[in-house]
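Note sheet for the following structure.
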Amino acid sequence: MCGIVGYIGNNEKKSILINGLRELEYRGYDSAGISVLAEGNLNIFKAVGKIINLERKCESFSSSGFGVGIGHTRWATHGKPTETNAHPHFGKFSNVVHNGIIENYQSIKDMLIKKGYNFISQTDTEVIVHLFESMLESSITPLEAFTKTINELKGAYAILLITQKAPNEIFYAKNGSPLIIGKGQDGIYFSSSDTPLIGLATEVCYLKDGDFGVMDLDGFAKLGDIKELSGDKLSSQKDGFTFFMEKEIYEQHKVLLETMMGRVGDDGFFLEELSNIDLSNIKSIRLCACGTSYHAALAGSYMLERIAKISTKVEIASEFRYKEPILDENELFISISQSGETADTLEAVKLAKKAKLKTISICNVDNSSIVRESDASLLTRAGIEKGVASTKAFATQVMVLWILSCYLAQKRFSFAEVKGQVQIMLNAIKLTEVNKKMHEKIKRLSRRYLHGHGFFFIGRDIFYPLALEGALKLKEISYLHAEGYPSGEMKHGPIALADSGLFCVALMPKNLMYDKIKSNVEELSARDAMICALSSEYYEGCDDWIEVCDSSHYMEEFFSMMIALQIFALEIAIRLGNDVDMPRNLAKSVTVE
Ligand code: F6R
């Protein structure tokens, strides 16, 4: 999704902006642009496609001395991904970048057109810069004009604006989309996430909804709630892997241990983060999320009911928001989000809070909007996930939900009830260490799965959400049609698609209803579907076998099959020549509804 950067200072502005945009590439984008205001001149550059195209465009440009600059990666919402629609948008003497959606842009545009303003793009953003310049006509200062502009806007936004009328300053506003201001030795930085700020800023302020103002080189100290920024760049590099996604698959065994750290011990489950929440009256749980996080939520519902014995419902956030849900104060609301910025999930949390439910978020990004909105948060500790297709974030979300299920069971019953889960968790994590032989085998197999008319990933019980996730991974990066289905449902309709052109990836855990799923697979095999079985025991009815480690608990099988499915998607996408880390049409952080 769109990303924003900004800089005020004496260093080379072009490179700071472009490097910052590169750090935001993982969010997904289809065009990019920067503009620099130095020595009274505004210079603007835009390009469609990758950042390298933008770099080529401004190759011969450099700016020395003090100046301000703004940059943007755009993920098209209003208007096609063209150079004209790319940000920054410009008026006569000002430039603007914007992340989010201006809902009332059409009425503002109509009003400005009547006043004689010309629009060249199809975007909602362009109204901001013209509105600002029109407000200046009746204002004493640029800040007054900017304030009036912001007061007119409805919707979600993070905005940076620079103008020749105030050449030392950047005007900013935040409502619903993330925006951070940082201060470092060499100046002031703006960004829509921490990543571009690491190594540059030492202190940051995470703006709140409704914050807006103007910033110059000396203004940072006046911002409230300043925090130290820590972190190093190493974790965001590829460590010798060709793709971030591959690196992230391989590091799951490490980050899962991080997730457990301090929370799981021989003497109990500890979730300090929940100490301020009274969970004694909780009668049921509602989990809410989007995409992969929704699949983790579904997996969580099996564990919460089975281990903690609490009735649990699961909701897709975009549906939940508008269904006029009946909410009970004794229900615990748990949102799950890797980024913590997903607009639908964030709004769902606000809705639950309004209905006086206790809210917990399971999130990978501290200080993100969802974390800040929730009463308490359980961080997944996966580290920065750069591959757009989520892998380690999913694994850690499932792990947190597992720990939470045990923690609640311990509270309701006793630690003795769930003590056995500790060793199963450790075994499961061990099995996420990628077995190179299995990877090689899947790589070879992948060549047989490039055609056909589609995939069904099937599983039962908690392996059903895993089947959904396996199918989502494949479709996201291979662009092949794939669906996840509960194995027992196939005969109620989808089996009509079974023929020799159908691929069926069957999740066949030895420790959970093996015979039942075997019968379901046989039904498909009898209709000539090509069966790829994931199991520890060889199943003679399969065409291909991906062998997972023999284990004694189905959760161990869950985590080893998760790895196999991620690699399966990865290898097919690589063979098809796709951009694994930045698949088409997708964004890492979906900040519009
Ligand atoms: C898929 C994927 C998406 C996200 C979804 C929600 O690989 O990453 O489906 O899971 O957009 O995002 P978060 O978890 O950031 O709320």
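In this structure, the amide hydrogen of G454, modeled 1.01 Å from its nitrogen in the peptide plane, lies closer than 5 angstrom to those of F503, counting only residues at least 5 positions away or on a different chain. I want the local charge near I442. Using Cβ-Cβ distances under 15 Å, sum +1 for each Lys or Arg and -1 for each Asp or Glu among the other residues. In short, +3. Counting other Cβ atoms within 10 Å as a rough exposure proxy, the listed residues K473, K358, K441 run K441, K358, K473 from fewest neighbours to most. Ordered by the count of other Cβ atoms within 10 Å of each Cβ, fewest first, I362, I567, I531 give I531, I567, I362.
The string of couplings for the stretch 136-145 from the Karplus curve (6.51, -1.76, 1.60, θ = phi - 60°) is 4, 4, 10, 10, 7, 10, x, 5, 4, 5 Hz, one whole number per residue in order, with x for Gly and Pro.
Checking every one of the trypsin sites (Lys or Arg not before Pro) in the stretch 233-299 against DSSP loop status and a limit of 12 other Cβ atoms within 10 Å picks out K283. Given the chain, what percent of its DSSP beta bridges are antiparallel, to the nearest 5? In the chain, DSSP labels about 60 percent of beta bridges as antiparallel. Here the Karplus curve 6.51 cos²θ - 1.76 cosθ + 1.60, taken at θ = phi - 60°, turns the phi angles of the stretch 386-394 into couplings of 9, x, 5, 6, 6, 10, 5, 5, 4 Hz, with x standing for Gly and Pro. Loop-located chymotrypsin sites (Phe, Trp or Tyr not before Pro) in the stretch 376-434 (DSSP state not H, G, I, E or B) with no more than 15 neighbouring Cβ atoms inside 10 Å: F413. Among the chymotrypsin sites (Phe, Trp or Tyr not before Pro) in the stretch 423-508, those placed in a DSSP loop whose Cβ has at most 15 other Cβ atoms within 10 Å are Y479.
For the stretch 553-560, backbone phi angles converted through the Karplus equation (6.51, -1.76, 1.60; θ = phi - 60°) give residue-by-residue couplings of 9, 5, 5, 5, 5, 4, 5, 6 Hz, Gly and Pro being listed as x. Taking every DSSP helix (H) stretch of at least 4 residues in the chain, weighting each as -39,500 (n - 2.57) and dividing the sum by the residue count yields a mean residue ellipticity at 222 nm of -10500 deg cm²/dmol. With axes computed from alpha carbons, what is the tilt in degrees of helix 291-306 against the longest principal axis of the chain, rounded to the nearest 10 within 0 to 90? Result, in degrees: 40. Principal-axis analysis of the Cα atoms of the chain puts helix 463-478 at an angle of about 50° to the longest axis. Neighbours of A308, meaning other residues whose beta-carbon lies under 10 angstrom from its beta-carbon, give a summed charge of +2 when Lys and Arg score +1 and Asp and Glu score -1. Using only Cα atoms, tell me the angle between helix 13-24 and the longest principal axis of the chain; keep it within 0 to 90° and round to the nearest 10. Between helix and principal axis, roughly 20 degrees.
As a rough footprinting exposure proxy, the listed residues E315, E248, E305 were ranked by other beta carbons within 10 Å of their own, and the order from fewest upward is E305, E315, E248. Please label the shape of the stretch 436-575 as rounded, prolate or oblate, based on the square roots a ≥ b ≥ c of the eigenvalues of the alpha-carbon gyration tensor (a/c under 1.5 means rounded; beyond that, a/b larger than b/c means prolate, else oblate). The shape class here is rounded. Backbone amide hydrogens, once placed in the peptide plane, bring K313 within less than 5 Å of I285, R286, L287, excluding anything fewer than 5 places away on its chain.
No value in this document is a laboratory result; all are computed from the given coordinates. What you see is a predicted model, and the numbers here were worked out from it, not measured in a lab. Note that each Cβ is placed from the backbone with ideal geometry, even for glycine, and that neighbours are counted across all protein chains shown.
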